[in-house]
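The values are calculated or read from the model by the stated rules, or taken from the named source; none is laboratory data. Quick caveat, the model's predicted, so the values are computed rather than measured. Here the Cβ is made from the backbone with ideal geometry for all residues, glycine too, and neighbour counts use every protein chain on show. Quick note on the areas: whole protein, heavy atoms, side chains included, nothing else; ligands and nucleic acids left out. Shrake-Rupley method; radii C 1.70, N 1.55, O 1.52, S 1.80 Å.
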Amino acid sequence: MTEVEVVELLVSASHRFAGRPADGPSDGPADELVPRIQVRRGLGLVGDRYYGRPAHRDASVTIMSAENLPRHVDPAVGLRQTRRNILLRGVDIDSFVGSTIVLDSGTGPVAFAVNRPARPCAWMDVTVGPGAQRALRGKGGVRCTPLSDGVLVLGRASFSIADGAPAGR
(Lines give C-alpha, C1' and ligand atoms only; values in the text may rest on other atoms or scores of the structure.)
Protein backbone atom coordinates (compact mmCIF):
# COMPACT_ATOMS: atom_id res chain seq x y z
CA MET A 1 0.00 0.00 0.00
CA THR A 2 1.22 3.48 -0.92
CA GLU A 3 0.07 6.78 0.55
CA VAL A 4 -1.07 9.24 -2.12
CA GLU A 5 -2.99 12.50 -2.26
CA VAL A 6 -6.25 13.06 -4.11
CA VAL A 7 -5.46 16.56 -5.39
CA GLU A 8 -8.51 17.34 -7.54
CA LEU A 9 -11.80 15.70 -8.48
CA LEU A 10 -13.85 16.67 -11.53
CA VAL A 11 -17.40 15.69 -12.43
CA SER A 12 -18.70 17.30 -15.60
CA ALA A 13 -22.27 16.95 -16.80
CA SER A 14 -21.39 18.27 -20.25
CA HIS A 15 -18.85 17.42 -22.91
CA ARG A 16 -17.05 20.74 -23.36
CA PHE A 17 -14.52 19.65 -26.02
CA ALA A 18 -16.82 19.15 -29.02
CA GLY A 19 -16.10 20.37 -32.50
CA ARG A 20 -12.77 21.79 -33.58
CA PRO A 21 -10.10 22.75 -31.06
CA ALA A 22 -9.55 26.05 -32.91
CA ASP A 23 -13.11 27.04 -31.92
CA GLY A 24 -12.30 26.62 -28.21
CA PRO A 25 -14.22 24.69 -25.55
CA SER A 26 -17.88 25.33 -24.93
CA ASP A 27 -18.91 26.97 -21.67
CA GLY A 28 -19.39 24.72 -18.69
CA PRO A 29 -20.49 25.06 -15.11
CA ALA A 30 -18.07 26.57 -12.62
CA ASP A 31 -18.70 23.76 -10.12
CA GLU A 32 -17.06 20.88 -12.01
CA LEU A 33 -14.26 20.65 -9.45
CA VAL A 34 -15.79 18.97 -6.42
CA PRO A 35 -14.59 17.93 -2.94
CA ARG A 36 -16.06 14.41 -3.26
CA ILE A 37 -17.30 12.03 -5.91
CA GLN A 38 -19.69 9.12 -5.81
CA VAL A 39 -18.45 6.11 -7.76
CA ARG A 40 -20.85 3.44 -9.01
CA ARG A 41 -19.69 -0.01 -10.09
CA GLY A 42 -19.75 -0.39 -13.88
CA LEU A 43 -21.40 3.01 -14.36
CA GLY A 44 -18.87 5.72 -13.49
CA LEU A 45 -19.15 8.92 -11.49
CA VAL A 46 -22.61 10.10 -10.47
CA GLY A 47 -23.39 13.30 -12.38
CA ASP A 48 -20.63 12.90 -14.98
CA ARG A 49 -21.28 13.01 -18.73
CA TYR A 50 -20.09 9.40 -19.17
CA TYR A 51 -22.12 7.96 -16.29
CA GLY A 52 -23.98 4.83 -17.40
CA ARG A 53 -23.19 5.27 -21.10
CA PRO A 54 -22.60 1.83 -22.66
CA ALA A 55 -19.97 3.16 -25.09
CA HIS A 56 -17.90 4.49 -22.17
CA ARG A 57 -18.28 1.74 -19.57
CA ASP A 58 -14.65 0.67 -19.89
CA ALA A 59 -13.48 4.29 -19.82
CA SER A 60 -15.99 6.11 -17.64
CA VAL A 61 -13.37 7.35 -15.14
CA THR A 62 -10.01 8.89 -16.02
CA ILE A 63 -7.23 9.08 -13.45
CA MET A 64 -4.08 11.17 -13.89
CA SER A 65 -0.85 11.73 -11.94
CA ALA A 66 -0.24 15.31 -10.78
CA GLU A 67 3.46 14.85 -11.41
CA ASN A 68 2.73 14.49 -15.15
CA LEU A 69 0.84 17.75 -15.58
CA PRO A 70 2.71 19.98 -18.08
CA ARG A 71 3.38 22.77 -15.59
CA HIS A 72 6.18 24.09 -17.83
CA VAL A 73 3.42 24.95 -20.34
CA ASP A 74 0.95 26.34 -17.77
CA PRO A 75 1.84 26.40 -14.05
CA ALA A 76 -1.87 26.45 -13.11
CA VAL A 77 -2.93 23.43 -15.21
CA GLY A 78 -5.37 21.01 -13.59
CA LEU A 79 -8.36 18.81 -14.28
CA ARG A 80 -10.49 21.56 -15.83
CA GLN A 81 -7.96 21.83 -18.66
CA THR A 82 -7.09 18.13 -19.06
CA ARG A 83 -10.67 16.86 -18.55
CA ARG A 84 -9.58 13.96 -16.37
CA ASN A 85 -11.67 13.00 -13.30
CA ILE A 86 -9.21 12.13 -10.54
CA LEU A 87 -5.82 13.78 -10.02
CA LEU A 88 -3.45 11.83 -7.76
CA ARG A 89 -0.09 12.87 -6.37
CA GLY A 90 2.41 10.22 -5.33
CA VAL A 91 1.90 7.43 -7.89
CA ASP A 92 2.75 6.94 -11.57
CA ILE A 93 -0.76 5.84 -12.55
CA ASP A 94 0.21 5.48 -16.23
CA SER A 95 2.34 2.44 -15.40
CA PHE A 96 -0.65 0.44 -14.11
CA VAL A 97 -2.51 -0.29 -17.36
CA GLY A 98 -3.90 -3.83 -17.08
CA SER A 99 -4.02 -3.73 -13.27
CA THR A 100 -6.81 -3.45 -10.76
CA ILE A 101 -6.13 -0.60 -8.34
CA VAL A 102 -7.81 0.34 -5.09
CA LEU A 103 -8.11 3.88 -3.71
CA ASP A 104 -9.31 4.62 -0.18
CA SER A 105 -9.58 8.23 0.92
CA GLY A 106 -11.00 7.31 4.30
CA THR A 107 -14.53 6.40 3.24
CA GLY A 108 -13.78 2.82 2.21
CA PRO A 109 -11.99 1.17 -0.70
CA VAL A 110 -12.98 1.84 -4.31
CA ALA A 111 -11.59 -0.50 -6.98
CA PHE A 112 -10.91 0.38 -10.62
CA ALA A 113 -9.84 -1.72 -13.60
CA VAL A 114 -7.15 0.30 -15.37
CA ASN A 115 -7.99 -0.47 -18.99
CA ARG A 116 -5.95 1.74 -21.28
CA PRO A 117 -3.99 4.98 -21.58
CA ALA A 118 -5.88 8.27 -21.90
CA ARG A 119 -4.16 9.63 -24.96
CA PRO A 120 -3.86 13.42 -25.10
CA CYS A 121 -5.59 15.09 -28.03
CA ALA A 122 -5.17 18.37 -29.89
CA TRP A 123 -7.46 20.05 -27.34
CA MET A 124 -4.57 20.00 -24.84
CA ASP A 125 -2.71 22.61 -26.92
CA VAL A 126 -5.81 24.84 -26.69
CA THR A 127 -6.85 24.34 -23.06
CA VAL A 128 -3.39 24.03 -21.49
CA GLY A 129 -1.11 25.72 -24.04
CA PRO A 130 1.06 25.03 -27.07
CA GLY A 131 3.14 21.92 -26.56
CA ALA A 132 0.88 20.30 -23.96
CA GLN A 133 -0.32 17.47 -26.22
CA ARG A 134 3.27 16.44 -26.93
CA ALA A 135 4.25 16.82 -23.25
CA LEU A 136 1.40 14.49 -22.19
CA ARG A 137 2.19 11.66 -24.63
CA GLY A 138 2.56 8.48 -22.62
CA LYS A 139 1.53 10.21 -19.39
CA GLY A 140 -1.94 11.61 -20.00
CA GLY A 141 -3.61 9.38 -17.44
CA VAL A 142 -5.59 6.15 -17.66
CA ARG A 143 -9.16 5.18 -18.56
CA CYS A 144 -10.82 3.00 -15.96
CA THR A 145 -13.92 1.01 -15.13
CA PRO A 146 -15.15 1.28 -11.53
CA LEU A 147 -15.40 -2.20 -10.00
CA SER A 148 -17.09 -1.16 -6.75
CA ASP A 149 -19.37 1.51 -5.33
CA GLY A 150 -17.87 4.12 -3.06
CA VAL A 151 -16.91 7.70 -2.35
CA LEU A 152 -13.59 9.47 -2.89
CA VAL A 153 -12.72 12.76 -1.22
CA LEU A 154 -9.87 15.24 -1.52
CA GLY A 155 -6.82 14.71 0.66
CA ARG A 156 -4.74 11.77 1.83
CA ALA A 157 -5.58 8.35 0.46
CA SER A 158 -4.15 4.88 0.21
CA PHE A 159 -3.32 3.32 -3.15
CA SER A 160 -2.90 -0.39 -3.66
CA ILE A 161 -2.91 -3.00 -6.39
CA ALA A 162 -5.55 -5.69 -6.09
CA ASP A 163 -3.98 -8.10 -8.58
CA GLY A 164 -0.72 -8.67 -6.75
CA ALA A 165 1.56 -6.24 -8.62
CA PRO A 166 3.77 -4.03 -6.44
CA ALA A 167 2.32 -0.57 -5.70
CA GLY A 168 5.53 1.33 -6.38
CA ARG A 169 6.08 0.72 -10.09
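Of the residues ARG134, ARG57, ARG119, only one is in contact with a Leu (Cβ under 9 Å, 6 or more places away or on another chain) and in a helix (DSSP H, G or I); which?
ARG57
Starting from the range 88-108, keep only residues that are touching a residue at least 24 places away in the same chain (Cβ under 8 Å) and within 18 Å of ALA66 (Cβ to Cβ), then list their pairs with residues that are of a type in the set (A, V, I, L, M, F, W, C) and part of a loop (DSSP other than H, G, I, E, B) whose Cβ atoms are within a distance under 8 Å, requiring at least 6 positions of separation or different chains.
Sorted first by the residue in the range 88-108, then by its partner, the pairs are VAL91/ALA167; PHE96/ALA165; ILE101/ALA162; SER105/LEU154.
Please go through the range 56-78 and give me each residue that is modelled with pLDDT of 90 or more and more than 21 Å from ILE37 (Cα to Cα), ordered by number.
If we filter the range 56-78 for residues that are modelled with pLDDT of 90 or more, which is where we start, we get 60-67.
The one that is modelled with pLDDT of 90 or more and more than 21 Å from ILE37 (Cα to Cα): GLU67.
What are the residues in the range 116-140 that are crowded, with 19+ Cβ neighbours inside 10 Å and of a type in the set (Lys, Arg), if any?
Selection gives LYS139 alone.
With respect to HIS15, determine if the residue is at pLDDT below 70, within 22 Å of ARG116 (Cα to Cα) and within 16 Å of the chain's Cα centre (by Cα).
yes
Looking at (1) farther than 23 Å from VAL77 by Cα; (2) β-branched (Val, Ile, Thr); (3) at pLDDT below 95, which one does VAL126 not meet, given that it meets all the others?
Here VAL126 clears every test but (1).
From the list VAL114, VAL126, VAL102, exactly one residue is of a type in the set (A, V, I, L, M) and part of a helix (DSSP H, G or I). Which is it? Please lay out each step first, then the result.
Values: VAL114 fails: part of a helix (DSSP H, G or I); VAL102 fails: part of a helix (DSSP H, G or I).
That would be VAL126, the only listed residue that is of a type in the set (A, V, I, L, M) and part of a helix (DSSP H, G or I).
Restricting attention to the range 141-169, report how many residues are modelled with pLDDT of 95 or more, within 15 Å of SER99 (Cα to Cα) and exposed (fewer than 14 other Cβ atoms within 10 Å of the Cβ).
The qualifying residues number 0.
Would you check which residues across the range 39-54 are part of a strand (DSSP E or B) and under 12 Å from ASN85 (Cβ atoms) and list them?
VAL39, GLY44, LEU45
From the residues in the range 84-97 that are in a loop (DSSP other than H, G, I, E, B) and within 12 Å of ARG143 (Cβ to Cβ), which one is most open to solvent (accessible area, probe 1.4 Å)?
The extreme case among them is VAL97.
Just one of the numbered conditions (1) touching a strand residue (DSSP E or B) at 6+ places or on another chain (Cβ under 6 Å); (2) open to solvent by 10 Å² or more (accessible area, probe 1.4 Å) is not true of GLY78; which one?
All conditions are met except number (2).
Starting from the range 53-72, take each residue that is in contact (Cβ under 8 Å) with a residue 40 or more places away in the chain and list its partners that are in a strand (DSSP E or B) and open to solvent by 90 Å² or more (accessible area, probe 1.4 Å), counting only C-beta distances under 8 angstrom and pairs at least six apart or across chains.
ASP58/ARG116; ALA59/ARG116; SER65/ARG89; ALA66/ARG89
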